[in-house]
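Accompanying notes for the structure given below.
The values are calculated or read from the model by the stated rules, or taken from the named source; none is laboratory data. What you are looking at is a predicted structure, and each value in this text was computed from that prediction instead of being measured. As a convention, Cβ positions derive from the backbone with ideal geometry for all residues, glycine included, and neighbour counts pool all protein chains shown.
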Amino acid sequence: MNKSGTDIQFAICGSAGDGTIASGDIMKRAAAAMGFHVIAFDVYPPEIRGFGKCISRIRISSEQAYSLKEQSDVFVSLNDGHAIPHVGEVRDYGAVIYDDHLIAPVAEGGHISAHIRPAQIPYGLPIRQISEQATNAARSRNIVVLGYVAGLLDLPAEAFRKVIAQKFASKPAVVTESNIRAFDAGLEAGRGVFRYDDVAVGAAPTAADGEAVMMTGNGAIVRGFLEGGIQSYFGYPITPATSIMERLAVELPKAGGRFLQTEDEIAAISATIGAGFAGSRAATATSGPGLALMTEMMGLGVMAEVPAVVVCSQRGGPSTGLPTKTEQSDLNLAVHGGSGDAPRIVIAPTNVEGCYRCAGMAFEIAEKYQVPVVLLIDLYLSNRYETVFPSDKNVFAPKPREVPKVKEGEDYKRFVLTEDGISPRALPGDAGMMYTATGLEHNELGKPSDVLHMEMNAKRHHKLKSAVNYPGLTTSKRFGDMGKVDVGILGWGSTFGEILETMFEAQAEGISCSAMKVVMLSPLPEGELRAFFDDCKVVLVPELNYQGQFANLVSGAIGRPVVRLNRTIATPMPVAEILSEVRRLAAEVNEPVAAAAGGV
Amino acid sequence: MAEPHHHVIIGSGSAGFGAAKTLREGDPDCRITMFTMDAIPFYHRYRLPEVFRGRTDWRDLLAKPPSFYEENGITLRRRCRVVDVDGSAHVVSLAHQETVPFDSLLVAAGGRAYLPENLSGHAHLIHGFGSFEAAMRVYNDLPRGGRVVMIGGDMIGLDLLLTLLDTGYRVTLIVNAQTFWPHELTAEQRAPLLEALRGKGVDVIENARAVGISPQNGGAPARRVALDDGREIEGDVVMAFCGLATSVEFMLRAEVDIERGLLVSPELQTTNDAIWAAGDICQIWHDGEKAYKFYHGWKNVRVMGQLAARNILGAHEPFDVDVEDRIWVDEDGEIQSTFWTRKP
């Protein structure tokens, strides 16, 4: 995307316990403080501390970026055993930084220098020695390398020192001082080193739109929840959603809300539905295995028309699957999971800012449509950091509730059939508005009855139709060339960042191309989708699941053919793969005769 | 299946690169690993003065693009310092504690710039020119039109000196025994050469020795050089071009004979059957003179690398190139050398 200015990706790889993620965290916060746009993603091991690989990748740019780059510009190894398989990710004339004074002998190939390609630039330094000299300990190696990178690339050191001080503010002062010494020692080592790489860092953008805040997708959801007036949270830990629970355990009580860690996911959704029934803005967060357990109670929420917000952060599945790897394979479960016809609203933000905004509006939407709302994200979006520019004032503050009015002498019909399908909702305690809430099919009063099953089913589906036009919520959006194009790329969730980067690259190659993101997966914005398909000679749907769940959803809904690009590779979708497919399709649609002949 | 033969080459200069290429051509299946202290692949050192002509991107100086090494299965290990060669176990040890076994070893580590002992205490004030990095430091530190004080002036230095003059800089040359090295010249042979340099505008100082260098600031040229006759001269950069010295400390356990350099047969084999040497680091047995001789100059060095590789692969060819030692001033007043081909 960035045609000029700064656009570099920094990656640091080490073992759990090396401080790899902490180092990446300082880098991303320092870059954001300098005024750059930042997008970052950390990869953790599933194993306990002391084992397993950690990688932090941070893209720093002067213009908005939409995904991580496939190749890093600067790569740091804190553990050669883990880093060696990733050296190939460094681009030509990028920098590879490593310790050139090991403490134990290694056989041929055991040092990273054996794996640096001739077009990559090696920078060896005695990382451990520098750390020990500066702090009397080797554990600040992760901070030494940050200083080295700052010195090498001539980055403003003070931005790093401030972030280091903030990061260790809760620790004794000696910890901060020690880390600053480690940083300064690395800085000294990096300054004056002759550079053969061509990594360029220019001036940061000067006019930011408000104060930049670094957030993960999960962090953004928590902030959105708090601004959206969350009152109750019930949760059970599961990767990659746990940090939502952890943050709310601290923040929600401070905001006057209630937090409860339940014994399992079934209890969590039950409590969430119960709280929603009682009028509390309630949420839970889980991943695919947890959502599978929750589907029965979500069905109750649909049937009893109870608002609730459920976050599902997807990981590799099925079953325990790949707990620390990303995937987009819970779409079917989120949209269709459960017994019977159980329509619900499913919203899939595509970036961190989207997580914040969707979470901020989720309660309002759930209450308006009286239905569970699923915020469907994935590990890549949960854990990745981006710079977000939140509003100074809370735009998601809850609106006052309208208490239904009932004429004197009439019964309150909780499920009254209305033109838009939405029935005025009373809360327990509202005078004269007692009703039966049950999972059984019911009549307008809520009393169990099969007489209106057809009508009630229609009501529950019909009431959601207008959600695709919910004010302030971007439920779909088209990018790139408008009007007729050769290739359209349709995407959802975190993959849309890669799709957008692909579209920019394809356009730069002269391919007539457009991209469309769909944020609301249920109900689908069918009108917008049809218009997009009308404009595109061919539509490609890249997604991180095996079945092509979104492609199936769309083609089933609007009856149009799509070209699928399905990957279950435990990593984000590579831009190069999407681009390759776009090129192929563009060539095909422009040479239909030749393509047909070739096929024969 | 047997492991492929592993050829290790220490040094990625003209000799090492030529050897690697020849080995690959002669044995498509062997493993080739090159170790170098450089950060970048092989480039022609003699082209370094071109940085003063604006060629400041190191990629322009490469003999082959980086992809050449991958395409030819040559593992190029950069920023790797060999600290020991175990001649009986056939293992190379690197400074970062990695050990690499070899079946055959070619030592082509070259030489480093020699600095007269009386100036060694001032090394930090002297700019080197042995690498692209060093050349760029000179380029960056030398103000436009500034003055270089050059001590010695071997053929590498002479090439730079002439380029500096061509590009608008000024040069003071302090002549010593290494001026015009590796040519060995009498005072009478030197005189016309020095006169030619004076004719080009070089301040030539003879019969005086540099004994001290001090930094200056406050707007004055950055260096002051004290001569043993009491004079002091100023320059923005001081450089020493006094020939090459060999570094063979890492070969002490290699079970090879060492004098000033590694002693090799005319076939460039050391006294260890698995180890060969080529380039500025080796002294080759000259049967006629019954002595081991250095053969400097890139033309000799290039031939040595290729020859050593052929002999490693089983040939028995002696080194008999020995480029003629001749330096003269041509009819246009230009200095010409059989050791050096100056690129315009």
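Go through segment A:93-103 and count every residue that is more than 7 Å from every other protein chain (Cβ to nearest Cβ) and surrounded by fewer than 21 Cβ atoms within 10 Å (Cβ to Cβ).
To start, the set of residues in segment A:93-103 that are more than 7 Å from every other protein chain (Cβ to nearest Cβ) comprises A:93-99, A:103.
From what's left, surrounded by fewer than 21 Cβ atoms within 10 Å (Cβ to Cβ): A:93, A:103.
Counting residues in segment A:93-103 that are more than 7 Å from every other protein chain (Cβ to nearest Cβ) and surrounded by fewer than 21 Cβ atoms within 10 Å (Cβ to Cβ) gives 2.
Can you pull out the helices (runs of 4 or more DSSP H) entirely within segment A:155-265 that have at least 1 residues that are over 30 Å from B:Gly128 (Cα atoms) and under 26 Å from the mean Cα position of the chain (by Cα)? Lay out the reasoning, then the answer.
On the way: elements: A:157-167, A:173-190, A:217-227, A:242-254.
It comes to A:157-167, A:217-227, A:242-254.
Name the one entry in A:Leu153, A:Leu226 that is surrounded by 15 or more Cβ atoms within 10 Å (Cβ to Cβ), of a type outside the set (Phe, Trp, Tyr), closer than 25 Å to A:Phe41 by Cα and outside the structural domain of A:Thr387 (by TED's automatic domain parsing).
Values: A:Leu226 fails: outside the structural domain of A:Thr387 (by TED's automatic domain parsing).
Sole residue among the options that is surrounded by 15 or more Cβ atoms within 10 Å (Cβ to Cβ), of a type outside the set (Phe, Trp, Tyr), closer than 25 Å to A:Phe41 by Cα and outside the structural domain of A:Thr387 (by TED's automatic domain parsing): A:Leu153.
Quick one: which of A:Pro85, A:Pro172 is surrounded by fewer than 21 Cβ atoms within 10 Å (Cβ to Cβ), under 28 Å from B:Phe35 (Cα atoms), more than 9 Å from chain B (Cβ to nearest Cβ) and not polar (S, T, N, Q)? After ruling out the rest, the residue left standing is A:Pro85. Taking the criterion of being of a type outside the set (A, V, I, L, M, F, W, C), in contact with a strand residue (DSSP E or B) (Cβ under 9 Å, 6 or more places away or on another chain) and either buried (at least 21 other Cβ atoms within 10 Å of the Cβ) or without any contact (Cβ under 8 Å) to a residue 40 or more places away in the chain (or both), the residues of segment A:309-324 that qualify are A:Ser313, A:Gln314, A:Arg315, A:Gly316.
Quick check: is even one residue across segment B:185-197 under 30 Å from B:Trp58 (Cβ atoms) and more than 14 Å from every other protein chain (Cβ to nearest Cβ)?
Taking segment B:185-197 and keeping what is under 30 Å from B:Trp58 (Cβ atoms), we get B:197.
When the remaining residues are screened for being more than 14 Å from every other protein chain (Cβ to nearest Cβ), the result is B:197.
Yes, because at least one residue in segment B:185-197 is under 30 Å from B:Trp58 (Cβ atoms) and more than 14 Å from every other protein chain (Cβ to nearest Cβ).
Evaluating B:Ile10 against the criteria (1) within 21 Å of B:Arg302 (Cα to Cα); (2) touching a residue at least 12 places away in the same chain (Cβ under 8 Å); (3) out of contact with any strand residue (DSSP E or B) (no Cβ under 8 Å at 6 or more places or on another chain) leaves one unmet condition, (3). Kindly provide the set of residues from segment A:523-533 that are under 20 Å from A:Arg564 (Cβ atoms) and charged (D, E, K, R), ordered by number. Passing the criteria: A:Glu526, A:Arg530.
If the condition is being surrounded by fewer than 23 Cβ atoms within 10 Å (Cβ to Cβ) and of a type in the set (Gly, Ala, Ser), then segment B:244-256 contributes B:Ala245, B:Ser247. Number of residues in segment B:126-142 that are among the acidic types (Asp, Glu) and more than 9 Å from chain A (Cβ to nearest Cβ) equals 1. Of all the numbered requirements in (1) more than 11 Å from the chain's Cα centre (by Cα); (2) surrounded by fewer than 22 Cβ atoms within 10 Å (Cβ to Cβ), A:Ile345 misses one, and that requirement is (2). Against the definition (at positive phi and outside the structural domain of A:Glu327 (by TED's automatic domain parsing)), how does A:Gly81 come out, yes or no? So A:Gly81 fails the test. Hey, any hits in segment A:131-151 for a residue that's within 16 Å of A:Gly24 (Cα to Cα) and within 14 Å of another protein chain (Cβ to nearest Cβ)? No. Here is the figure for segment B:67-125: residues that are buried (at least 16 other Cβ atoms within 10 Å of the Cβ), among the aliphatic types (A, V, I, L, M) and either within 30 Å of B:Asn176 (Cβ to Cβ) or more than 12 Å from chain A (Cβ to nearest Cβ) (or both) total 11.
Within segment A:306-336, how many residues are outside any strand (DSSP E or B) and either within 17 Å of A:Gln547 (Cβ to Cβ) or of a type outside the set (A, V, I, L, M) (or both)? Walk me through it before giving the result.
Just the residues of segment A:306-336 that are outside any strand (DSSP E or B), to begin with: A:306-307, A:315, A:317-321, A:323-336.
Narrowing further to those that are either within 17 Å of A:Gln547 (Cβ to Cβ) or of a type outside the set (A, V, I, L, M) (or both): A:307, A:315, A:317-321, A:323-336.
Count: 21.
Among the residues making up segment B:65-109, those that are in contact (Cβ under 8 Å) with a residue 24 or more places away in the chain and closer than 13 Å to B:Met251 by Cβ are B:Val82, B:Val83, B:Asp84, B:Val85, B:Asp86, B:Gly87, B:Val92, B:Leu105, B:Leu106, B:Val107, B:Ala108, B:Ala109.
Within segment B:212-223, the set of residues being modelled with pLDDT under 95 and surrounded by 15 or more Cβ atoms within 10 Å (Cβ to Cβ) comprises B:Gly212, B:Pro221, B:Ala222. In segment B:286-332, the residue that is farthest from the chain's Cα centre (by Cα) out of those that are aliphatic (A, V, I, L, M) and in a helix (DSSP H, G or I) is B:Ile312.
Against the test of being closer than 18 Å to B:Gly16 by Cβ, modelled with pLDDT under 95 and surrounded by fewer than 23 Cβ atoms within 10 Å (Cβ to Cβ), the options B:His286, B:His296 yield a single qualifying residue, B:His296. Looking only at segment A:114-150, residues that are surrounded by fewer than 21 Cβ atoms within 10 Å (Cβ to Cβ), small (Gly, Ala, Ser) and at pLDDT 95 or above come to 2 in all. Residues in segment B:221-249 that are touching a residue at least 24 places away in the same chain (Cβ under 8 Å) and among the acidic types (Asp, Glu): B:Glu234, B:Asp236.
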